[in-house]
Ligand SMILES: Cc1cc2nc3c(=O)[nH]c(=O)nc-3n(C[C@H](O)[C@H](O)[C@H](O)COP(=O)(O)OP(=O)(O)OC[C@H]3O[C@@H](n4cnc5c(N)ncnc54)[C@H](O)[C@@H]3O)c2cc1C
């Protein structure tokens, strides 16, 4: 991230995370991507290295850091060469915040520390087969029955869904629309909770993405986060750090693709000289570097405003779209500069090109980002 916003604690964490990734992730990145999984033990290793808890309160085992501590870790993980591993390890970042902001003290103490230690895996389940962008249209139902909610319905596309020990799940407890949605923590092993298919996908191969099914699943009412029917606003609030995270991933991927391309054009020769000797190649790199730098600066400036507690809902949506566009451009051009090798599986840029395509879809599509921006800026009035 931009050094402008980092102090010595961020820099120290960045260095430690980079060393850890070089040792624990990079040597295995390609194998894990090809195997569609990274070892479960990596969570505990990351937890012990302080890479899961960096931004969570010390009271629950975290280090009490800010958004930039999370961003430097994310960038280090992405630079390890397996974005799937980075997002799989990082699913806690979208699952734990609702527990911390809405949960009771007992819920926080029960659910958060084991995830920070890497003993348990947390996932966030909002999307359903019939409702993605339209969160208010979700239909997974939870009906109160004494001390439990009986949950029936399905979720899909859930990152870390197959591995998760606890799933922060959006359910319908009330009327249709946004006013009838609640968040429940559903634990693995609850009767009626099953994991469906692990989904095969274009990129992020090392991360597990799963369908989840609930059939008359009795979830303790003590696992309700906040008040009944108050989930929608919490989900919307949670999207802000999630989108910052995705924008950070986009910037980190763009940088990695640019570095790979620069290295390659210095080594590859054509017509008797390294291809970096062609002006068109240098200009392509110059354009890639410009877009990456602009995206990095924009994302960091929005993160700084978020750190200061400003309302940045529109700006985060802009940053996600802008960084995503930059990332898609840079990854595409990096493949082009590699020629035929850029199409081969053993080259990192081939993977980055595939991995990048989810960024304008996940965490809210680019169309939904523009909808948010136009509404927040009052263009509909
Ligand atoms: C790899 C991966 C990981 C994911 N991880 C998670 C996760 O951990 N947890 C989770 O809950 N979800 C997760 N998702 C789901 C993701 O958030 C959704 O896919 C996304 O929000 C889009 O929803 P959808 O797929 O239902 O598309 P739809 O909502 O059906 O959209 C289809 C198209 O219609 C467009 N569209 C829809 N509404 C409008 C509108 N009002 N105006 C203009 N255009 C519109 C969309 O932009 C899109 O182009 C993940 C998805 C993937 C692929």
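Values quoted throughout were computed directly from the atomic coordinates according to the rules given, and no laboratory measurement underlies them. Keep in mind the model is a prediction, meaning the values are calculated, not measured. Cβ atoms come from the backbone with ideal geometry, glycine included; neighbour counts cover every protein chain shown.
Filter region 26-54 down to the residues that are in contact (Cβ under 8 Å) with a residue 24 or more places away in the chain and assigned to a loop (DSSP other than H, G, I, E, B) and list them by number.
36, 37, 38, 40, 49, 50, 51, 52, 53, 54
Restricting the first residue to region 362-381 and requiring it to be assigned to a helix (DSSP H, G or I), which pairs with a second residue that is within 6 Å of the ligand (Cβ to nearest atom) meet a Cβ separation below 8 Å and a spacing of at least six or different chains?
Pairs that qualify, where the first residue is assigned to a helix (DSSP H, G or I) and the partner is within 6 Å of the ligand (Cβ to nearest atom), are 367/133; 368/133; 372/364.
Would you point out which residue out of 156, 152 is touching a strand residue (DSSP E or B) at 6+ places or on another chain (Cβ under 9 Å) and more than 13 Å from the ligand (Cβ to nearest atom)? Can you show your working first?
Numbers: 156 fails: more than 13 Å from the ligand (Cβ to nearest atom).
One residue alone meets the criteria, 152.
Out of (1) within 24 Å of residue 88 (Cβ to Cβ); (2) in contact (Cβ under 8 Å) with a residue 24 or more places away in the chain; (3) surrounded by fewer than 22 Cβ atoms within 10 Å (Cβ to Cβ); (4) more than 16 Å from the ligand (Cβ to nearest atom), what's the single condition that is false for residue 299?
(3)
Where residues in region 350-378 are surrounded by fewer than 17 Cβ atoms within 10 Å (Cβ to Cβ), closer than 21 Å to residue 136 by Cβ and more than 19 Å from the chain's Cα centre (by Cα), which of them is nearest to the ligand (Cβ to nearest atom)?
Checking each candidate, the answer is 371.
Could you list, in sequence order, the residues of region 105-129 that are closer than 11 Å to residue 185 by Cβ, out of contact with any helix residue (DSSP H, G or I) (no Cβ under 7 Å at 6 or more places or on another chain) and away from the ligand (no atom under 16 Å from the Cβ)?
110, the sole residue that qualifies.
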